[in-house]
Structures are given as structure tokens and as C-alpha cells.
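Encoded as C-alpha cells, the structure appears first; notes follow it.
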Amino acid sequence: QVRLVESGGGLVQPGGTLRLSCAASGGPSGYYAMGWYRQVPGKQREFVASISTIDSEVYSESIKGRCTISRDKAKNTIYLQMNNLKPEDTAVYYCTWQSLSSTYWGQGTQVTVSS
């Protein structure tokens, strides 16, 4: 069982920055990827970014160039640095841990971009 604890969400003005964190515990060794999805009410959850154990990074087109995902291997924690935030980035952001056989989700953290 993998436990994911997210932090770092909040209210920010357009053009502002936030850094989301997600700490994982209990996961097995081997290949896996951690990342972020986001969801707004009434819409499907959408992929934001991911990073694997071989440090392969993938970004959605909607945030590419504005956000950077990184990983602290010692702390088993990932970060999503979000810059130049836009109102359309407002959503609940969910951390995810995925292996070839399992997927786990965090509880979500709210990001609101508003003036």
C-alpha cells in the first residue's frame, strides 16, 4: 500500500507561483512513476506531469514551459513548481504513484488562481 501526502496548494494571483509537494511512503522498489493530475468540477481528471524512477519527465501541453516536475529520491518526494499561473489552472491537484500493476492517489490539494 502506497500512502501519498500532498501539500502546497492555495490561493494565488494570476502570474503567481506555487510549489506542490507529494511525499510517498510504503511503496515497493522497482520502476514506477509519480506525477500530478488535476480536476475541476464537472470535468474529467486530466494529466499534468509525471516523473519516473529513471527521471523521465512528461508534461501536458497545457502547462509545458510554465511548470517543472522534480524528484527528491532520498525523501521519496516529488515537487511541481508552477509559474505564471493562470485562472484556468484552478483545480484540485492529485498526486499519483503508478507502477505496471498498481495506481495510488493522494487526497488532493486545491489550487485557486484568482485576483
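The values are calculated or read from the model by the stated rules, or taken from the named source; none is laboratory data. Given the structure is predicted, the values throughout are model-derived calculations rather than measurements. Heads up, the Cβs are rebuilt from the backbone with ideal geometry, glycines too, and the neighbour counts pull from every protein chain shown. Side chains included, ligands, DNA and RNA excluded: accessible areas come from the protein's heavy atoms. Shrake-Rupley method; radii C 1.70, N 1.55, O 1.52, S 1.80 Å.
On the protein heavy atoms, probe 1.4 angstrom, tell me the percent of accessible surface of the chain carried by carbon and sulfur.
The computed percentage sits at 48.
What number comes out for accessible area per residue over the chain if the probe is 1.4 Å? Units Å², please.
That works out to 54 Å² for each residue.
Among A24, A74, A49, which one shows the highest mean-square fluctuation when the chain is modelled as a Gaussian network with alpha-carbon springs under 10 Å?
Between A24, A74, A49, it is A74 that shows the largest mean-square fluctuation.
For the chain, what is the relative contact order in percent, using Cα pairs closer than 8 Å and at least 6 residues apart in sequence?
In percent, rounded to a whole number, it is 36.
Given Cβ point charges of +1 (Lys, Arg) and -1 (Asp, Glu) and nothing else, what value in debye, to the nearest 20, does the dipole of the chain about its Cα centre take?
Around 120 debye, computed over the chain.
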